[in-house]
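Written below as structure tokens is the structure these notes are about.
The values are calculated or read from the model by the stated rules, or taken from the named source; none is laboratory data. Predicted, not measured: the structure shown is a model, and the values here were computed from it. For neighbour counting, all protein chains shown are included, and Cβ atoms are generated from backbone atoms with ideal geometry for every residue, glycine included. Ligands, DNA and RNA are excluded from the accessible area calculation, which covers all protein heavy atoms including side chains. Shrake-Rupley method; radii C 1.70, N 1.55, O 1.52, S 1.80 Å.
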Amino acid sequence: MTLLGTDLPIVGAPMAGGTTTVDLAAAVTGAGGLGFLAAGYRTPDDLAAQVAALRERTHQLGVNLFVPSDERPDPAALRAYAERLRPVADAFGVTLTDPPLVDDDHWDAKVDLLTSDPVPLVSLTFGLPPREDVRRLQQPGSSVLATVTTAAEAREAEALGVDGLVVQGPSAGGHSATFDPRRTIEDVPTADLVRAVRAATRLPVVAAGGVAGPADVRELLAAGAEAVQVGTLLLRTDESGANRTHRDALVDPRFTETVVTHAFTGRPARALRNAFADEHGEDAPVAYPAVHHLTRELRATAARVGDAEHVHLWAGTGYRHAPTGPAADVVRALTEDL
Ligand SMILES: Cc1cc2nc3c(=O)[nH]c(=O)nc-3n(C[C@H](O)[C@H](O)[C@H](O)COP(=O)(O)O)c2cc1C
């Protein structure tokens, strides 16, 4: 791969919240793909420790950063949402506290870390940072990839001077990378989006979203992607950090579909449809990461006690195909007939 420098055109998606582990990233790289660490929600020290641990096993790695937004959430809307959540929080014995209104996920410190201790690839999600920050990341030699969800976002990213794009289709598990969390996430096949982005920009593309097997990989490569990023298919692997409640839900016949909802974190994300998504999909404010902080303890408690109805069960549309076993087997199975 020109952009990635790997034998196989597979990227192990960065999955924040503990799902991506050093072992998972190392396994994907070890199998010939490219493993990404997820910096989101981590402290800079924690991220530095993960980078150091992964580097002991491979020098081919990427780090994914959440780009902060400077939008201020409405405290009254957050309080109203907290009131609606109170009965379920009480049932779990959780006290909902006022979430921080501002949280940049330690952006400056993480950029500082990656400029003083650079990695080959840095991918960005949730928007675009100032041009100066892209330059700083590129200066020591990192290639910077922006995650985009429309051709218009791809053009903006190209104009900013990034080196490549992660084109995320709406079938992807987890948060949408959309620059505008209020927009309706239209149902477009990832391959169509890849073609639209390729027509709109000259940048190399990593395609993400909805991969269920090798046929999807072939289709995305044929659409013009240089590589394919997979998340959901890695969730149940040996090296994944996904919790037991999440792993089990992916194969529980009770959960029959995925939905895009901002109920859990205030930003649209694709998850298994459960009671929490049904009950709060409409009334949650679009206010990330404040809603993430507001609901975090409630979700963590539900996960701990095995209540899958009140946890964010991030999943892409290919979730029924997520296997157990080594992550390397997923990489091999996806590429064996290329
Ligand atoms: C549990 C989970 C966590 C995720 N966390 C991140 C993240 O921290 N950063 C990011 O850029 N994408 C994240 N994603 C999205 C992936 O990068 C990727 O777009 C998606 O997994 C691809 O679709 P698929 O899940 O259908 O394979 C996450 C996805 C999942 C399933």
(request) Test residue 61 against the stated conditions and say whether it is touching a helix residue (DSSP H, G or I) at 6+ places or on another chain (Cβ under 9 Å) and not aromatic (Phe, Trp, Tyr). (result) yes
(message) From the list 114, 61, exactly one residue is over 24 Å from residue 174 (Cα atoms) and within 16 Å of the ligand (Cβ to nearest atom). Which is it?
(response) 114
(message) Just the residues that are among the β-branched types (Val, Ile, Thr) and either open to solvent by less than 50 Å² (accessible area, probe 1.4 Å) or assigned to a helix (DSSP H, G or I) (or both), please, taken from the stretch 176-211.
(response) 178, 185, 188, 190, 194, 197, 201, 205, 206, 211
(message) Can you tell me how many residues within the stretch 83-98 are open to solvent by less than 20 Å² (accessible area, probe 1.4 Å) and within 19 Å of residue 288 (Cα to Cα)?
(response) 1
(request) Return yes or no: is residue 156 more than 10 Å from the ligand (Cβ to nearest atom), open to solvent by 60 Å² or more (accessible area, probe 1.4 Å), of a type in the set (Asp, Glu) and at pLDDT below 95? (result) no
(message) Whether any residue in the stretch 114-124 is open to solvent by less than 30 Å² (accessible area, probe 1.4 Å), out of contact with any helix residue (DSSP H, G or I) (no Cβ under 7 Å at 6 or more places or on another chain) and not small (Gly, Ala, Ser) is what I want to check.
(response) yes
(message) Condition first: on the phi > 0 side of the Ramachandran plot, in contact with a helix residue (DSSP H, G or I) (Cβ under 9 Å, 6 or more places away or on another chain) and within 16 Å of the ligand (Cβ to nearest atom). Now tell me which residues in the stretch 1-46 satisfy that.
(response) 41
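Anything in the stretch 262-276 that is more than 14 Å from the ligand (Cβ to nearest atom) and polar (S, T, N, Q)? List them, or say none.
If the condition is that a residue be more than 14 Å from the ligand (Cβ to nearest atom) and polar (S, T, N, Q), then 274 is the only one that fits.
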(message) For the condition touching a residue at least 24 places away in the same chain (Cβ under 8 Å) and either on the phi < 0 side of the Ramachandran plot or touching a strand residue (DSSP E or B) at 6+ places or on another chain (Cβ under 7 Å) (or both), what is the one hit in 91, 49, 77?
(response) 77
(request) Kindly list the number of the only condition in (1) open to solvent by 20 Å² or more (accessible area, probe 1.4 Å); (2) farther than 23 Å from residue 5 by Cα; (3) out of contact with any Pro (no Cβ under 6 Å at 6 or more places or on another chain); (4) within 15 Å of the ligand (Cβ to nearest atom) that fails for residue 168. (result) (2)
(request) Being closer than 30 Å to residue 83 by Cβ, within 15 Å of the ligand (Cβ to nearest atom) and more than 14 Å from the chain's Cα centre (by Cα) is the filter here, so list the residues in the stretch 218-261 that pass it. (result) 243, 245, 246, 249, 255, 257, 258, 259, 261
(request) Scan the stretch 1-30 for residues that are in a loop (DSSP other than H, G, I, E, B), modelled with pLDDT of 95 or more, surrounded by 23 or more Cβ atoms within 10 Å (Cβ to Cβ) and among the hydrophobic types (A, V, I, L, M, F, W, C) and jot them down. (result) 13, 15
